[in-house]
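Single-structure report; data block below.
Where a number appears in this text, it was derived from the coordinates with a stated rule and is not lab data. Please read all numbers here as calculations on a predicted model, not as lab measurements. Glycine gets a Cβ as well: all are built from the backbone with ideal geometry, and neighbour counts include every protein chain shown.
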Amino acid sequence: MAQLRADARRNRERILAAAEEVFAERGASASTEEVAARAGVAIGTVFRHFPTKDDLLAAIFKALLARLVSEAGELAGSGDPETALFAFFTRVVEAAAARRTVAELLTGGGADLRLGGALRALDEPLGTLLRHAQGAGAVREDVRLEEVRALLAAASQAALLAGWTPELQDRTLEIIFRGCRP
């Protein structure tokens, strides 16, 4: 993306934040007009940044992925090696479940929402979390990064598309974590 002026960058950030809220509240019936109103900008401003609703929704997921990569890196650098991998895994699944309406809009509109490819951006910090957890004896030595990535993508996709309750998330994650532990 080209360098934006400071006011354009602020507008874009306000639009993305408003869009996350509006789509979470209203689901597929949400409109870009509602997003513009919530963000306090004109509809033309929304369309200048995001020509289609799918572009807006894809930007929401891109921003989320960037936050997750950053968070994984922070946990890898300063987290408790025995719990950091599991804490990160839990946060990713919770974030996915909270954005179910956005996923429905993307998949219903013909956009392809496959988390596996997008989650490859997490390989470096996720690999570090895994190595630290294995070094601390919290994860079996035979667990590989591609297995953790596959479990993370599958659990995230299921939480997104099935709208997991917090209780179902906790139970499912405990089963996954039990399988990873020595």
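General observations
- Within a Gaussian network of the chain (alpha carbon springs, distance under 10 Å), most fluctuating of Phe86, Phe61, Phe47: Phe47
- Relative contact order (percent, whole number), segment 1-104, Cα cutoff 8 Å, 6+ residue spacing: 32
- GNM top mover of Asp142, Asp54, Asp123 - the chain, alpha-carbon springs below 10 Å: Asp142
- Segment Ala37-Arg144, extension gain: residue separation times 0.36 nm, minus the distance between their alpha carbons: 33.9 nm
- Computing FRET efficiency as 1/(1 + (r/R0)^6) for Ile175 and Ala136, where r is the C-beta to C-beta distance and R0 is 25 Å, gives about 0.75.
- Per-residue Karplus couplings for segment 167-182, computed as 6.51 cos²θ - 1.76 cosθ + 1.60 with θ equal to phi - 60°, are listed in order as 5, 5, 4, 4, 5, 5, 5, 4, 5, 4, 5, 4, x, 8, 6, x Hz, Gly and Pro entered as x.
- Contact order, relative form, for the chain: 24 percent (alpha carbon pairs under 8 Å, 6 or more residues apart, mean separation divided by residue count).
- Gaussian network model of the chain, springs between alpha carbon atoms under 10 Å - residue of Ala150, Ala76, Ala58 with greatest fluctuation: Ala150
- Charge-dipole axis of segment 5-77 as Lys and Arg at +1 and Asp and Glu at -1 on Cβ define it, positive-most pick from Thr45, Ala76, Ser29: Thr45
- Sorted on the mean count of surrounding Cβ atoms within 10 Å across their residues, most packed first, peptides 166-174, 37-45 read 37-45, 166-174.
- Test item: Cα-centred dipole of the chain, Lys/Arg +1 and Asp/Glu -1 on Cβ, debye: 420
- Of interest is the spacing of the C-alpha centroids, which for segment 150-182 and segment 1-69 amounts to 29 Å.
- For Asp80, residues with placed amide H under 5 Å, excluding near neighbours: none
- Counting every pair of alpha carbons in the chain, the share spaced more than 28 Å apart comes to 31 percent.
- Working note: 222 nm ellipticity from helices only, DSSP H runs with n ≥ 4, each -39,500 (n - 2.57), summed and divided by the residues of the chain, gives -24000 deg cm²/dmol to the nearest 500.
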